[in-house]
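Quick note: the coordinates plus some simple rules give every number you see, no bench work behind them. Note that the coordinates shown come from a computational prediction; the quantities given were computed from them, not determined experimentally. Reconstructed Cβ throughout: ideal geometry from the backbone, glycine too, with neighbour counts over all protein chains shown.
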Amino acid sequence: MPSPSKRSNGMTLPWRKVAFVADIFDAGPYQGAAEQRTDLEQTDPQVLNDVVSAITTLGLSCRHFETPAELVAAAGDLREALVFSTYAGGRSRNRLTLVPAVAESLGLDFVGLDAMGQALAHDKEVMKRIASDCGLATPRWRVVRDRNSAKICKEFPTPYLVKPLSEGSSIGISQANIICDGDKGTTLAIELLERFRQPILVETFVAGREVSLVSIEAEPAPHQGFVEVAVEGEPDYFSHHVFDADEKLNRRLRRNIRRIDDALHPDDHLAIKTLLSTLGHYGFIRVDGKLTRDGRFQFLELTADPWLGILGHVAQAFMNEGWSYPDVVHAILASAQLAPRSRAANG
């Protein structure tokens, strides 16, 4: 069971300025399938406006930077600022580590995982191994690293998913990624290898509810909510479909985020707690999975850079409990006060 959420307003923040690093998503017309876009992790202009407005509502000044290089160039003016980032970067595999690495090297406070934590969280293979060690069930999986190893798709039990190993926001994923024929799985794995130039994850498709544990660090206990992506009139939708790029981009379903705290088994909640403590200070995070018919959580991935849109998991997990959107942003910023920086190599 997640711990009860309490509204975060009332806690004084020690910063008067926020340096918000966010590269901007082009929301204009796009020719092609949504899953072929590689920029879906970038920040929508409306979300940028909502975050900046929330920060100013809290009485803080906010300066937007579009790249880590811009942050470095302005470092001399940011000694009293908190760095907050939704920067997604380009095709570099290091893209999510750049802002925390820059902030730490400049001695600036920042929200969320450090560079090492971001690197671990963004690698689905690594996080599955850690999650399993922490007691979480995870679907059967293999990794395709080259064309030759794609042959494992012919032998892997169906149905399964084929998807890029180190992408978020369902980049590269459509309903066609649910594989029921090994030959088609092999072909798709090779296509994704060539398109994304990274390993490809082959993972058993789990029938069940689309769920996440949302957590924002706080004292004496984190703010947490266990939520479900609920499709109106179709409670079993995600037993037969994947939450794909087209749906996330175009929102074709009548869906909402709802709290289902009592549905999280205590043993699974304890395992998630162990996973987060193993990762270290995280600020705010989403632990994504499926809830199966037996009421147990199957871990899929850790989302260390969750979408901050007002209709998204993070905001709705707490707005459903009476928080305002600025309350949510306040709690996220306040989490940086708990960050132990410059940790020893052993944690």
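Data for the structure
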| quantity | calculated |
| --- | --- |
| Computed magnitude of the charge dipole of region 235-347 (debye, nearest 20; Cβ of K, R +1, Cβ of D, E -1) | 180 debye |
| Reduced Cα scattering model of region 141-204, Debye log10 I(q)/I(0), q = 0.12, 0.16, 0.19, 0.30 Å⁻¹ | -0.22, -0.39, -0.56, -1.49 |
| Placed amide H near Ile260: partners under 5 Å, 5+ positions off or other chain | Phe226, Val227, Glu228 |
| Rounded D (µm²/s) - the chain, Kirkwood Rh over Cα pairs, Stokes-Einstein at 20 °C, 1.002 mPa s | 104 µm²/s |
| Unit charges at the beta carbon, dipole of region 141-204: most positive-side option, Ser169, Ala189, Thr158 | Ala189 |
| Relative exposure of Phe226, Phe196, judged by other C-beta atoms within 10 Å (fewest first) | Phe196, Phe226 |
| Ranked Phe299, Phe25, criterion: other C-beta atoms within 10 Å, fewest first | Phe25, Phe299 |
| Exposed-site-free run, longest, the chain (rule: trypsin sites (Lys or Arg not before Pro); DSSP loop; at most 11 other C-beta within 10 Å) | 17-78 |
| Computed [θ] at 222 nm, deg cm²/dmol, the chain (DSSP H ≥ 4; -39,500 (n - 2.57); rounded to nearest 500) | -8500 deg cm²/dmol |
| Other-chain or far-sequence residues with amide H under 5 Å of Asp109's (modelled H) | Val83 |
| With Cα atoms, 0 to 90° folded angle of helix 124-133 axis to the chain main axis | 90 degrees |
| Only Lys, Arg (+1) and Asp, Glu (-1) charged, at Cβ; region 141-204 dipole about Cα centre in debye | 140 debye |
| Table column - 3J(HN,Hα) (Hz), region 135-145, Karplus curve with 6.51, -1.76, 1.60, x for Gly and Pro | x, 8, 6, 9, x, 4, 8, 9, 10, 9, 10 |
| Over region 1-155: Rg over Rh, Cα atoms, Kirkwood Rh | 1.04 |
| Cα-based Lys proximity count in the chain, under 16 Å, for pairs eight or more positions apart or on separate chains | 11 |
